[in-house]
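The values are calculated or read from the model by the stated rules, or taken from the named source; none is laboratory data. Values in this document were obtained by computation on a predicted structure and should not be read as measured data. Note that each Cβ is placed from the backbone with ideal geometry, even for glycine, and that neighbours are counted across all protein chains shown.
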Amino acid sequence: MTANAPTTETGGLYGSDTSAARQRRAFRDGSIPVAVYGMGKIGLPLSLVYAEATGAVTGVDIDPERVAALNGGSNPFDHEPGLSALLSNLVADGRFESTTDGEAAAASARVHVIVVPTVIDEADDPDLSALEAAAETVRAGLDPGDVVFVESTVPPGTCADVVAPILTAGDREPGEFGLAHTPERTASGRALRDIRGSYPKIVGGVDAESGRVAALVYGELTDNEVIRTSDARTAECVKLFEGVYRDVNIALANELGSLTDEFGVDVVETIEAANTQPYCDILTPGAGVGGHCIPYYPYFLLDGVNDRAPLIRTARSVNERMPGFVVETLVDELAADGGSVEGATVALLGVAYRAGVPETRASPAIDIAHRLDRLGATVLAVDPILDDLPEMPGEHVAIDELASRAI
């Protein structure tokens, strides 16, 4: 139990007849304990921002090594500015602790925040198994007046159709507790800044009281505006619309980039000139789309809509084809000079999916490396921000080594 956690039973925020001001004070003074489920790259920073505000936060994770490290003040995401110092201070002050005992944390908490990975399976269908497991853990300690916030990105209807039935499968009935979607809007490398208020915070409840409590709590965490949507389903769509917007715009740039050789023009020069018109803002083409969000979330939006949304599907297809286009272009250019990719040494300059962030989830460089390896090329991977390469063919080399290698 964290130092500021109450030693006696406390009331919850959902359905409370006390004033909003008193509820805020109770949240601020640690009378409303918080449990955050999932100590990943978003869950940990989020839990620490909660701990700054309340001083009574327990972080839950299934990995005992991570939990032990966190309780020792050791930050696994040292690329996040300010996170290491904040973790160390909050642990030392007794305002944050971590545990693998999710049910015990749930029993002590009045606010439950779920921020676990949501992914797609091999058939591109949403895999919500981690979310479902977290909801089952919350259910074990859910009391009347508690509130559950889902920060994980989910398909539309997940809170009402997936999470709520799990929470009410035990002793709780609908209307005894709150449930809201509060989608994270956080980028790697700037997590604390984003959570504290880079953008308005979106919240939407499955009922009006859930939305009210979500707005009250997040109003204590963010320096920005809290936008309360009409319901949880709308909030769920907000994050997906954001991701799809980016995926479609990236696909437009990538498709233009794949055509400009036929036009005999330089794509970067052309886009830069086109963007001088204020209504035009074409992105820079690349080798595809990586990361934890954009490659996956369009499929959350497409889930259950059958064969509709051709634009979204086409954009995803364009971006998924880009690693192949890059390799095909290289093969063609080598052949035009009388060479062959087989037996060639190819340097990949950059493996992380985004500059300055040591993460490789769905990085196009991984697909490119595998394609080159299958064609018989030797791959040299250069990325100074990475300590180790992900699972991919290639030798990890420093950039100053390239001059001595036959490329």
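Before moving on, here are some points about what is shown:
- Selection of the range 13-32 for residues being assigned to a helix (DSSP H, G or I) and in contact with a strand residue (DSSP E or B) (Cβ under 9 Å, 6 or more places away or on another chain) yields only Phe27.
- Residues (more than 33 Å from the chain's Cα centre (by Cα) and modelled with pLDDT of 60 or more) located in the range 1-21: Asp17, Thr18, Ser19
- Helices (runs of 4 or more DSSP H) lying entirely in the range 85-167 (those with 2 or more residues that are under 30 Å from Leu240 (Cβ atoms) and out of contact with any helix residue (DSSP H, G or I) (no Cβ under 7 Å at 6 or more places or on another chain)): 129-139, 164-167
- Just so you know, in the range 220-238 the residues that are touching a residue at least 60 places away in the same chain (Cβ under 8 Å) and closer than 19 Å to Ala20 by Cα include one that is farthest from the chain's Cα centre (by Cα), and it is Glu220.
- When Val346 is tested against (1) at pLDDT below 95; (2) outside any loop (DSSP other than H, G, I, E, B); (3) of a type outside the set (Gly, Ala, Ser), just one condition goes unmet, and that condition is (1).
- Restricting the range 356-382 to residues that are in contact with a helix residue (DSSP H, G or I) (Cβ under 8 Å, 6 or more places away or on another chain) and either assigned to a loop (DSSP other than H, G, I, E, B) or without any contact (Cβ under 8 Å) to a residue 12 or more places away in the chain (or both), the residue that is farthest from Cys293 (Cα to Cα): Leu375
- Among residues of the range 278-301, those that are within 18 Å of Leu259 (Cβ to Cβ) and either free of Cβ contacts under 8 Å to residues at least 60 places away in the same chain or among the acidic types (Asp, Glu) (or both), counted: 5
- Residue in the range 236-253 that is in a loop (DSSP other than H, G, I, E, B) and either surrounded by fewer than 21 Cβ atoms within 10 Å (Cβ to Cβ) or in the same structural domain as Asp303 (by TED's automatic domain parsing) (or both) present: no
- Gly304 vs. criteria loosely packed, with under 14 Cβ neighbours inside 10 Å, more than 30 Å from Phe27 (Cβ to Cβ) and in contact (Cβ under 8 Å) with a residue 40 or more places away in the chain: yes
- Odd one out for Ala35 among (1) closer than 18 Å to Val147 by Cα; (2) outside any loop (DSSP other than H, G, I, E, B); (3) out of contact with any His (no Cβ under 9 Å at 6 or more places or on another chain): (3)
- Of all residues making up the range 195-234, the number that are farther than 23 Å from Glu80 by Cβ, outside any strand (DSSP E or B) and either touching a Pro at 6+ places or on another chain (Cβ under 6 Å) or of a type outside the set (A, V, I, L, M, F, W, C) (or both): 12
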